[in-house]
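Everything on this sheet refers to the single structure shown next.
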Amino acid sequence: MAKYFSTIFLSIGLKPIAVPNRVYTLLKCKYSSNPEQCLSNSDNQNENDLIEIKRQRLLKIAIIGVPNAGKSSIINSIVQRNICPYSCKVHTTRSSVRAVRSVDDTQLVFLDTPGLVDSTEIAKYNLERTFANDSVNSIEEADIIGVIHDVSNRYTRNHLDPKVLRLLHLYPNKDSFLVLNKIDLLKSKSYLLDLARSLTCFKHNNIHIPEPYTMTPEKRRTHESLKIQERMLGRKITQSIGWENFKDVFMVSAIHSLGSSDIEDYLLQKSKPSPWIFPKDVLTDKEDHKLVLHMIESTLYDFLPNEVPYNLKVEMEYYEVSREGNIHIVVLIHCNTPRIEKLVMGKRGSRIRNIAMKSEQHLRNLFLTDVFLKMVVTDKPKYSAQHMADTLSQ
């Protein structure tokens, strides 16, 4: 039996989830109660707008790294809003997200990708099949690669992960920079400097780029040649602990927003003349109701033990924006079994109440408006809103 913690909207399953014609509304720097007007304002360009377009600069940045290195936290720190979901568990980011930072005539578009994984992790955490290709697709689109490295993990901080090195070797002509994250957990400045030198193969800025690792187009077309390429890459990677082609190294603490402004200044200088991809006040390409679901999922990761949250399905059941700009949301938390349902609920519903309160707080900070969130936990099969409407009408 589904649990409801407050008055349930009578129209659940009958109202549209998203307000029509609203793709980039939440994504604005300041949430608006009149989304249609926002869109029309974005589309109306006069001659001054055309002049501005000619002055515009753009840089697309692919952010890569292993799970929980702090990729989303660093992007959020630069964008100054929690656009990319994050939690203490791995694989919070389940798909690529674009976060946008516009400063004067320059736009930075961050391509946040899921952590680099292998087939074993994809099966273990019930991950989407796109996990394997999201990072590659982002790098191919990007102008520059940012590698996030966690220096707080004593077992892995002395070398770059082989999956990261593989991507850097596959795209040696792409500019890249290294970000050493979580430096607040290491007190020794000299150790951090030595670590930075080691991870850049003891080379610094303006380094020479060696001949790219390439093969002829004819050989690339054959499966056997791809195997040879991977073996050669494997030998290179096993003999490496770092990447010598990093242009710059940054030491940051994303959780404390230390060093993020240095990265932003660096990227602004690297931008190139180009029309912007998004309007000035847009913060991401994600639709608002999808961003809400991602934020709730990341909260579930923080509150639930082990691998339980990876097997839950979060569904948007009701979504509406009032005339005052307040947001009313109802979500369904689908559990596989009654036992999982009880675990999500907690004693007398205490756990799901805490999850709802925390999610509501995150969403208010994200939207900069009042958010009223209701959560429904059930072990019943997942039905679409249309199916529920058809059932009620019978």
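Cα-based count: Lys pairs in the stretch 270-335 below 28 Å, eight or more positions apart or different chains?
Details: K270/K280; K270/K286; K272/K280; K272/K286; K280/K290; K286/K313; K290/K313.
Final tally of qualifying lysine pairs is 7.
Treat every Asp and Glu Cβ in the stretch 155-204 as -1 and every Lys and Arg Cβ as +1, leave all other atoms uncharged, and give the resulting dipole magnitude about the Cα centre to the nearest 20 debye.
Numbers: 9 positive and 4 negative charges, 9 e Å.
It comes to approximately 40 debye.
Quick one: what Rg and Dmax do you get for the stretch 268-383 from the alpha carbons, in Å?
17.1, 58
May I ask for the net charge around T113, where only other residues with Cβ less than 9 Å from the Cβ of T113 are counted and Lys, Arg are +1 while Asp, Glu are -1? Show your work: numbers first, answer last.
Working: positive: K71; negative: D112, D134.
Summing Lys and Arg as +1 and Asp and Glu as -1 gives -1.
What residues have an amide H closer than 5 Å to that of C335, excluding those fewer than 5 places away on the same chain, when H is modeled at 1.01 Å from N in the peptide plane?
Under 5 Å from the amide H of C335 lie the amide H atoms of T378, D379, K380, each far enough along the sequence or on another chain.
Do me a favour and compute the ellipsoid semi-axes for the stretch 156-207 from its Cα gyration tensor, root of five times each eigenvalue, largest one first, whole Å. Before the final figure, lay out each step's value.
Working: eigenvalues 94, 36, 17 Å².
Ellipsoid half-lengths, sorted descending, are 22, 13, 9 Å.
For S274 and E230, what does the FRET efficiency come to when R0 = 30 Å and r is the distance between their Cβ atoms, rounded to the nearest 0.05? Before the final figure, lay out the partial values.
Working: r = 34 Å, r/R0 = 1.14.
That gives a FRET efficiency of 0.30.
Send over the Kirkwood Rh of the stretch 304-354, from the inverse of the averaged 1/r over different Cα pairs, rounded to one decimal Å.
Final number for the Kirkwood radius of the stretch 304-354 is 12.6 Å.
Values in this text are rule-based calculations from the coordinates and carry no lab data. Since we're looking at a predicted model, the values are computed, not measured. Here Cβ is always computed from backbone atoms with ideal geometry, including for glycine, and neighbour counts include all displayed protein chains.
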